């Protein structure tokens, strides 16, 4: 049996490294190692937008490097004022088109990959944050790369709509499995036409500021994930859309029509995010005639009425027997303290198999700053100290602020649920994961230096600590 070549072994080692910085360090050992590792270094590129001009220069100077790229993600880093001053031209608001230099570099990168290689994944959703547009050359290059694309995540501005429509007309994407699209336009015609072409689609994530109807008439036999946020109270989907797609496993709807479904619809549903505007449309899941028992494992309640009200109680009654992860968006911290802090003690009875509970809230800045505090944590731990299986408790501040947990509390938490293993205190500026230790009758929390293994970032369900859907 032929032994593997040394470069192949080194390349395999580099492939197993999770941190790209470790791969980079390995590539600098010597020329021999550099030659073996470089393909891995450029295979999956995640790069801040401000560094795109340098990458464009590298691709133009060494086409073989461009040919290695299979995945390109533009990441957003929150730049401080000092970093902004280092490259003022790239973020200069006086440009006719925001971040024009970055946009030109992006088009060069895509064109070089189109000429010399194949791209399977492109993620440019952070353009929404950075406000740089894709120029026509970018859309032309993306169109030529379409035959190999498996994942496309992109934000389309109003000023880009005409270019996007040309892209839709000229593109063939037979392998596209994942589409994440953020569209700042009231015209949804191009969305409907685009999605109708994607017969291999498995994951569809749409965010659009549109009150208009998305008249999807096509059938996607492989569709497993649907995320739709239209920021609108108007029905966004045809009433028969869900009945046409029994393969859906993960569903996120902010508003919807009254669907033409029955108890047997969506038999594979495992994860559901539901809000006040979508409860009526999904009555077939929770209504008095909902006798079918789907194995819903992950449930997110988005700004729903109190846990103590009949509509919420009914949802938990239907899903509680199979539920292992529950995420509750409590609106504001004030709302949580006024209502939900007392009602969460009902959860062990409503969802006896629950393994993970997350409490989301916003901390308004005016007139009084309210944030998660140690008192919120100790109260939740105390009322949840009941004989059930809860392993993870998460506090998440959507307002990106919060109080640091004091050492005195971490050394002695007091009463905690008997099976609890982790506390995730996800507040800005220093989110922390803690593991629980029980020594001599004292429950303490120890900050974890090594986080738990990350799950693939498929959709909203990846916010959970445990894997509930595999």
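Rank-order 429-439, 196-206 by packing density, defined as the average count of other C-beta atoms within 10 Å over each peptide's residues, highest first.
So the order, starting with the most tightly packed, is 196-206, 429-439.
Report the extension gain between residue 62 and residue 258 in nm, rounded to one decimal, defined as 0.36 nm multiplied by the number of residues separating them, less their alpha carbon distance.
Working: separation 196, 0.36 × 196 = 70.56 nm, distance 5.57 nm.
Contour length minus the Cα-Cα distance gives 65.0 nm.
Each value in this text was obtained by applying a stated rule to the coordinates, not by laboratory testing. Here the structure is a predicted model, which is why all the values come from computation and not from measurement. For neighbour counting, all protein chains shown are included, and Cβ atoms are generated from backbone atoms with ideal geometry for every residue, glycine included.
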